[in-house]
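Bear in mind these aren't lab numbers, they're just calculated from the coordinates by the rules spelled out. Please read all numbers here as calculations on a predicted model, not as lab measurements. When we count neighbours, we look across all protein chains shown, and the Cβ atoms used for this are built from the backbone with ideal geometry, even at glycine.
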Amino acid sequence: MIGLTLHYFTVLKEGMTMELINVFDYETQAKTLIPTPIWDHINGASNDEETLSANRSDYARIRLRPRVLVDVATLHTETTILGHQLQMPILIAPAAGHQLVHPDGECATAQAAEQAGTIMIVSAFASKTVEEVAASTHAPLWLQMYSYNSRETTATLVKRAEAAGFQAIVMTVDSPQLGQRERDMRNHFQRSDYVPLANFQDNDVSRIPHLRHLVDTWETVDWLHSLTNLPILLKGILTAEDALLALEHGAAGIIVSNHGGRQLDGAVTGLEALTEIAPAVAGRCPLIVDGGIRRGTDILKSLALGANAVLLGRPTFWGLAVNGAEGVQHILSILHNELKMAMALAGRPTIESLDRSLLKLPADWL
């Protein structure tokens, strides 16, 4: 028999108990707890938010071709990414300011990652320092970063992450400037009005763009390699052309991402981008995809399309707001169990058995 044990949290809402059975339940509950400007900042995207919507709707466009009479009594979801043995192919995406929704911030999230047996990618714009997050957990940590207002600032942060025990650097490459996030504009939202940019207390952090370079090129990636021996992943790749350039410039991994719809509105989704990137990369480095993951079947489709793992972004905030570290861990558990159920019903008992033959893709993706 397949051992899928579901654990539910219950919360008190207007005198009633609400069972938190899936990720959408957490979204509903979190919205009642998070002030509107912060909610809009976390859940909003750029311009008309078309890409934000497409990140979800593209999962529904892919149909599954299940196989039957396969022995699925034992399911294996363990995987290895850059030498890290993980219990599930679900990593926590980098996102700034976890203290926006919980006082323990990134430390609570890191503890959830440890309990779930996975990796947390910590945003450089975290509300806890890299040293604080590292001290809070034994989970493997990667640091997400941009390049900053000077190479000295960037180099200092990388060296601090190395000293704290971080095991990889994730460079976000899709943000030469910030997308026009109109919900934030209407709310006059500035993250630093609510939480500290803990890693940059010696900088002028009243406005994030003051910390940001606007002219990163492939030379920046080469310079970063000269600075550290840690593996470097590039986040924000959406074309086969750039994936191949990433390999030429020594990328240890590629994160296929449109920044949760927060940058170029109208950009392709991670799923659609995988259709060209996975064949081009051909297994030469891990591929991780993000954007719109809400169900185990979303993860199943991503892996079958060529990803080695997925990133979980906004739902991390929802779990954190509802129940701190336990909420984040529960969301990871929900998705892990849903993935196992989907694998069983699809007749694919291992991660290695997932491939494109499981999928019926939209005609315009072929």
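What to note about this one:
- Membrane-span-like helices in the chain, defined here as complete DSSP H runs extending at least 30 Å along the helix axis by their C-alpha atoms with mean Kyte-Doolittle hydropathy no lower than 0.0, are 314-346; this is a sequence and geometry rule, not a statement about a membrane.
- Packing, taken as the mean count of other beta carbons within 10 Å per residue, orders the peptides 327-335, 174-182 from highest to lowest as 327-335, 174-182.
- The label-point distance for His138 and Arg186, in a model that sets each label 7 Å from Cα toward Cβ, rounds to 4.8 nm.
- Here each label is just a point 7 Å from Cα along the line to Cβ, and for Gln167 and Glu131 those points are 2.3 nm apart.
- DSSP beta bridge pairing in segment 9-365, given as percent antiparallel to the nearest 5: 30
- Stretchable slack from Glu352 to Ser150, in nm (0.36 nm times residue separation minus alpha-carbon distance): 68.4 nm
- Straight Cα distances below 24 angstrom link Lys301 to the lysines Lys235, Lys340, Lys360, with same-chain residues fewer than 8 positions distant left out.
- Residue-averaged 222 nm ellipticity for the chain, from DSSP H runs of 4+ at -39500 (n - 2.57), nearest 500: -12000 deg cm²/dmol
- Length released on extending from Thr239 to Gln201, taking residue separation times 0.36 nm less the Cα-Cα span: 10.1 nm
- Computed over segment 9-365: relative contact order in percent, which uses C-alpha pairs under 8 Å that are six or more apart: 26
- Segments 76-87, 301-312 sorted - mean Cβ within 10 Å per residue, highest first: 301-312, 76-87
- Nearest-20 debye value, segment 242-366 charge dipole, Cβ charges on Lys, Arg, Asp, Glu: 340
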